[in-house]
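Visitor: I'd like to ask you about the structure that follows.
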Amino acid sequence: MRPSFFHHLHPPTIPALQARLRYTLGAGGLAIFLTLVTGLTGALEMFFYVPTPEQAGLSIQQLTFLVPFGWLVRNLHYWSAQLLVIASILHLLRVVFTGAYGRPRRFNYLLGLGLLVLLLLFDFTGYGLRWDEGVRWALVTGTNLVRSVPLLGEPLYALIVGGEQPGAAMLTRFYAWHIFGLTLLVLILGIWHLFRIRRDGGIAVPPPELRNNHERITRFELVRREVLAMLIGGAALLLFAIFVPAPLAAPITEMNAAGGEPRAPWFFLWVQQMLAWGSPFFFGVAIPLGILLILVLIPYILPNPKRAELGRWFPPSGRAAQIITVALTLLIIGLTLAKALVESP
Amino acid sequence: MTLRRWIFAASLLLLLALLAAGWQESRRVQAVALTPTLTSEVEYCLSCHADLPEISPSHPIETFGCVLCHGGERLALDADLAHSTMRGGRNPSEFSVVEASCGGEQCHSGSPELNRDHIQRATTSIQSTYAGAIASIRYTFGAQSDLTPRYGVSAVQDKTVISSKAVPELLAFDSTNESSPWIQKFGENCLDCHLSAQPREGDTYARLSGCAACHTPTAGLDIAPGETQLHRLSTAINYSQCNTCHNRGNYDLRSMTFTERTDQPADRLHDYYQPIAQFVRCEWTLDCIDCHTRSEAMGDGDLYGSKKDIQYTQCRTCHGTPDELPLTYTITSLEDLALRQAFLNPVIDLKVGDTILMTEKGEPLWNIRPLEDGTYELFAKASGQRFIFRPVMSSGCLQNPEEQASSACHQCHAVER
């Protein structure tokens, strides 16, 4: 069989050890698939979405209720974006818990963290584009957090919001970043990330001399497995999108109106929980950035896992990184649950 | 199972999911578009509400649509979202939102000269402020030294005070600030007799609130949610609508409670009115609005402290006195208020050149006109029934022309109850 374009995106053969679902969880591949779905459905949404405060909410209603299959496109976009956050975090946890962040993959680990940050920015700007009552609190609070940064706060706020309060200027900026700026950055970092996987020797496994299993699979086999994963993932996503509608509320008419539900998007609930404790800058900006910094420093400060211990979960030589990451994960999950469960009606 | 077979099975699963998407699409509500001429913005409310009757001939749906009055999300075909921004829930005429729903210069908050100031008048009327009852109770229990109204159920101001009996402003009454326990109890138990109040429980005397308290006929209807008969506005208001407030039971000043009547009144003369009161025939055969005018019911824009300050129709308004015939005037313009009122409730065929009765304040009694034989014809506003009546003049009535209050007429003309 002559390899097609899609086969050529893969190496001719890879070690079978690199393609074990129980090892990789398929999270990275799933993230690529969800990125493609999000991009495609997002492009379709652009035919209807109007990025002005007066029209944004109405154009989403138009898409959702009046355009044939518009509801499906929007639900797919929304749910693939949410699942993408989960898949990316799973991918990150897999990399840390299997010790795959060590040399020579340190730089690609940074690229991955960069992609995660871009992804959260993508989600937040997309959340803001709804411009409805359900996101008003998060828009006001999120942008006000920027103000709390010492010295840089006001210029940053002006850069992001472009006015006294979130309005037309900010919506245009969110739109431009969402559909163009962030997309471009994700393309660059994403392609770089994929390139570095191959450059760094594929998925982390011990070097050939330290392996027992020398079996290899062909690119044909690999693509078939990917197709199967995409079919199952696609069907699951589709069924989810068919039966669980993406949230939508009445368009914002007054940004500073009283009332409304004070609720952050789910991936920032943990930050919202901390905001109740005091200083917005410390809890809302410094701690999240601090957590990111800890993740960035893991491969550079902690001893890298031994090469012989690669290709398996929880290698003993990566214990410190695992403990730190488990602690951070539990902290974030705990804070999220505290906010989501305790204060929900 | 080989990988190829797995792929085949997964393809079937995906196909199934696609079929489910098509099925879900086919189940969607069929969108029914309407673009009202007043808004020029398409709305899809009729997709679900096609069975609602048109609210009134003056508000044709092709002109007004739904959203102009009700608010709501005009594009949404999801009930919760579509209804989430409706003004006043099911009743956009609630006074808290009435300006946005019914107001506007061309609608019901225009100038007094054009008789378009309905909202300004209704929200300052004593039926809305309840200022008279509040002043009287506060005076009775020593919280104020005279009967001048100081408080209403909510704060309200009147920038152009016309009558010498009116006040420029009412503060919001808060019974918890009162020291007298009686006034506190009054606040707890007796503040449900005004236009903004939700009716008491029970459907016998159920009504809506705001403008719809009077203009949406509820008497005899079940006003449970979902009742499409309630989608109606009318100026032909039956006496029973007035009775949803005005003959509903008795208050007791000793316990400061209101005891709702439990009977279902059938016979209007014997069952409805206070046993000690006297009535002449027209007071229980006609509807309230056949004699009482729009300014009496809806106020004249001033803030009063007593019903007596605004209610002025007496027997003489229609029947005149031994010395004088009732006042009349001839309609000279198409813009005349009488023609508009007759258009809204076409029980009488009025046109320019017709002569009709007029009150002493100059309000048209547009449903009454003199006949050539010296009698008068009255068309009942709610039933359309025609009545003929005579003036007092030349009738042999011996009552002193200087004492023409209705109570004097009752001395001879009250019916046996």
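Visitor: Any idea how many residues of the range B:72-100 are under 30 Å from residue A:48 (Cα atoms) and in contact with a Ser or Thr (Cβ under 7 Å, 6 or more places away or on another chain)?
Guide: Number of matching residues: 4.
Visitor: Also, I was wondering about something else. Just to be sure, is residue B:67 among the hydrophobic types (A, V, I, L, M, F, W, C), crowded, with 21+ Cβ neighbours inside 10 Å, at pLDDT 90 or above and in contact with a helix residue (DSSP H, G or I) (Cβ under 6 Å, 6 or more places away or on another chain)?
Guide: no
Visitor: Please go through the range A:135-157 and give me each residue that is without any contact (Cβ under 8 Å) to a residue 60 or more places away in the chain and of a type in the set (Phe, Trp, Tyr), ordered by number.
Guide: Of everything in the range A:135-157, just one residue is without any contact (Cβ under 8 Å) to a residue 60 or more places away in the chain and of a type in the set (Phe, Trp, Tyr), namely A:157.
Visitor: Now for a different question. Could you list, in sequence order, the residues of the range A:29-63 that are of a type outside the set (D, E, K, R), within 14 Å of chain B (Cβ to nearest Cβ) and not in a helix (DSSP H, G or I)?
Guide: A:48, A:49, A:50, A:55
Visitor: Does the range A:248-257 include one or more residues that are buried (at least 16 other Cβ atoms within 10 Å of the Cβ) and either part of a helix (DSSP H, G or I) or of a type in the set (Val, Ile, Thr) (or both)?
Guide: yes
Visitor: If you don't mind, there's one more thing I want to ask. Of the conditions (1) surrounded by fewer than 19 Cβ atoms within 10 Å (Cβ to Cβ); (2) not in a loop (DSSP other than H, G, I, E, B), residue B:112 satisfies every one except a single condition; which number is it?
Guide: Only one criterion in (1) surrounded by fewer than 19 Cβ atoms within 10 Å (Cβ to Cβ); (2) not in a loop (DSSP other than H, G, I, E, B) is unmet by residue B:112, namely (2).
Visitor: Continuing with the same structure: Run down B:165, B:185 and say which single residue is at pLDDT 90 or above and over 21 Å from residue B:125 (Cα atoms).
Guide: Just a single option satisfies the conditions, and that option is B:185.
Visitor: While we're here: Restrict the check to the range A:67-88 and report whether at least one residue is over 23 Å from residue A:191 (Cα atoms), assigned to a loop (DSSP other than H, G, I, E, B) and not β-branched (Val, Ile, Thr).
Guide: Yes, the range A:67-88 contains a residue that is over 23 Å from residue A:191 (Cα atoms), assigned to a loop (DSSP other than H, G, I, E, B) and not β-branched (Val, Ile, Thr).
Visitor: Search the range B:73-96 for residues being of a type outside the set (Asp, Glu), assigned to a loop (DSSP other than H, G, I, E, B) and surrounded by fewer than 19 Cβ atoms within 10 Å (Cβ to Cβ), and hand back the single one that is farthest from the other protein chains (Cβ to nearest Cβ).
Guide: B:90
Visitor: Farther than 23 Å from residue B:378 by Cα, among the hydrophobic types (A, V, I, L, M, F, W, C) and at pLDDT 90 or above: is that true of residue B:303 in this structure? Working first, answer last.
Guide: Details: farther than 23 Å from residue B:378 by Cα: yes; among the hydrophobic types (A, V, I, L, M, F, W, C): yes; at pLDDT 90 or above: yes.
Yes: the conditions hold for residue B:303.
Visitor: Quick check: anything in the range A:261-282 within 14 Å of another protein chain (Cβ to nearest Cβ), touching a Lys or Arg at 6+ places or on another chain (Cβ under 7 Å) and not in a helix (DSSP H, G or I)? I'd like the intermediate steps shown before the answer.
Guide: Looking only at the range A:261-282, we keep the residues that are within 14 Å of another protein chain (Cβ to nearest Cβ), and these are A:261.
Next, from what is left, pick out any that are touching a Lys or Arg at 6+ places or on another chain (Cβ under 7 Å): none.
Within the range A:261-282, none of the residues are within 14 Å of another protein chain (Cβ to nearest Cβ), touching a Lys or Arg at 6+ places or on another chain (Cβ under 7 Å) and not in a helix (DSSP H, G or I).
Visitor: State all residues of the range B:43-84 that are touching a strand residue (DSSP E or B) at 6+ places or on another chain (Cβ under 9 Å), more than 18 Å from residue B:98 (Cα to Cα), in contact (Cβ under 8 Å) with a residue 24 or more places away in the chain and of a type in the set (A, V, I, L, M, F, W, C); if no residue qualifies, say none.
Guide: B:45, B:61, B:75, listed by residue number.
Visitor: So, in the range B:10-50, how many residues would count as being more than 9 Å from chain A (Cβ to nearest Cβ) and in contact with a helix residue (DSSP H, G or I) (Cβ under 6 Å, 6 or more places away or on another chain)?
Guide: Number of matching residues: 7.
Visitor: Filter the range A:64-88 for residues that are closer than 17 Å to residue B:73 by Cα and buried (at least 20 other Cβ atoms within 10 Å of the Cβ); which is nearest to the other protein chains (Cβ to nearest Cβ)?
Guide: Across the range A:64-88, the extreme among qualifying residues is A:65.
Visitor: Under the condition of being of a type outside the set (A, V, I, L, M) and more than 9 Å from every other protein chain (Cβ to nearest Cβ), which residue from the range A:223-247 is surrounded by the fewest Cβ atoms within 10 Å (Cβ to Cβ)?
Guide: The qualifying residue surrounded by the fewest Cβ atoms within 10 Å (Cβ to Cβ) is A:247.
Visitor: Any residue at all in the range B:151-172 that's surrounded by 22 or more Cβ atoms within 10 Å (Cβ to Cβ), in contact with a helix residue (DSSP H, G or I) (Cβ under 6 Å, 6 or more places away or on another chain) and either within 14 Å of another protein chain (Cβ to nearest Cβ) or of a type in the set (D, E, K, R) (or both)?
Guide: No: the range B:151-172 contains no residue that is surrounded by 22 or more Cβ atoms within 10 Å (Cβ to Cβ), in contact with a helix residue (DSSP H, G or I) (Cβ under 6 Å, 6 or more places away or on another chain) and either within 14 Å of another protein chain (Cβ to nearest Cβ) or of a type in the set (D, E, K, R) (or both).
Visitor: Got a number for residues in the range B:199-238 being within 23 Å of residue B:50 (Cβ to Cβ), small (Gly, Ala, Ser) and modelled with pLDDT of 85 or more?
Guide: 2
The values are calculated or read from the model by the stated rules, or taken from the named source; none is laboratory data. Keep in mind that this is a model prediction, so the values were computed, not measured. Here Cβ is always computed from backbone atoms with ideal geometry, including for glycine, and neighbour counts include all displayed protein chains.
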